[in-house]
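Peer 1: Quick one: the structure is below, and I'll ask about it shortly.
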Amino acid sequence: MARDEVVRSIEVDLGQQQAFRLWHERIELWWPESHRISGSAEARMSLEPHVGGRLLERTTDGREIPWGVVRVWDPPRRISHTFFPAADPDAPSIVEVRFEPLGPRRTGVYVRHRRGDLRAERWEGALARFESGWGRVLAAFEGHVRADRVPTPTQRDQEGPT
């Protein structure tokens, strides 16, 4: 019998509130291009910031591809949403993303993806993709945090020599 959840985590050099905001406000900038249903690198991800809000992909021709619906909106601690890309929205799996402070400028980001109402055979067929997919998604988030924190030449000049 397959596991009923996938759990992944990373630590980032951002405060809890900054990490939470980056996750939802700038998702179109860091969500991996390889993880777009449309197959278009120009498609943009969006997460509407409220219970009932949608996680969706928007293509350049205006098409919206729903991925899920927000169930819990608890800034800056937690977001939970259904997850049904390319599946039945009436039988979704469930994703919870938690942001736990590890210090003033360090946050643990924990993703827990549960089977929810997704049929067992579909879950088992997708489990390996979810395992690797969440690893790539979190790596992209972490990479965006690191890239965004690299000082520009002007900032380095103002900070002085290291």
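The values are calculated or read from the model by the stated rules, or taken from the named source; none is laboratory data. Since the structure is predicted, the reported quantities are computational estimates derived from the model, not experimental observations. Positions of Cβ are backbone-derived with ideal geometry, glycine not excepted, and every protein chain shown enters the neighbour counts. Protein only, heavy atoms only, side chains kept; ligands, DNA and RNA dropped before computing areas. Shrake-Rupley method; radii C 1.70, N 1.55, O 1.52, S 1.80 Å.
Peer 1: So which of Arg156, Arg136, Arg146 is basic (Lys, Arg), open to solvent by 30 Å² or more (accessible area, probe 1.4 Å), modelled with pLDDT under 90 and assigned to a helix (DSSP H, G or I)?
Peer 2: On inspection, the qualifying residue turns out to be Arg156.
Peer 1: Now a separate question. Name the single residue, out of those in region 56-86 being closer than 18 Å to Asp117 by Cα and of a type in the set (A, V, I, L, M, F, W, C), that is farthest from the chain's Cα centre (by Cα).
Peer 2: Residue satisfying both the conditions and the ranking: Ala86.
Peer 1: While we're on this one: With (1) under 19 Å from Glu131 (Cβ atoms); (2) surrounded by 18 or more Cβ atoms within 10 Å (Cβ to Cβ) as the list, and Val12 as the residue in question, which single condition is left unmet?
Peer 2: With (1) under 19 Å from Glu131 (Cβ atoms); (2) surrounded by 18 or more Cβ atoms within 10 Å (Cβ to Cβ) applied to Val12, the lone miss is (1).
Peer 1: Which one of Glu48, Glu42, Glu100 is open to solvent by 80 Å² or more (accessible area, probe 1.4 Å) and either of a type in the set (Asp, Glu) or closer than 19 Å to Ala139 by Cα (or both)?
Peer 2: Result of the check over Glu48, Glu42, Glu100: Glu42.
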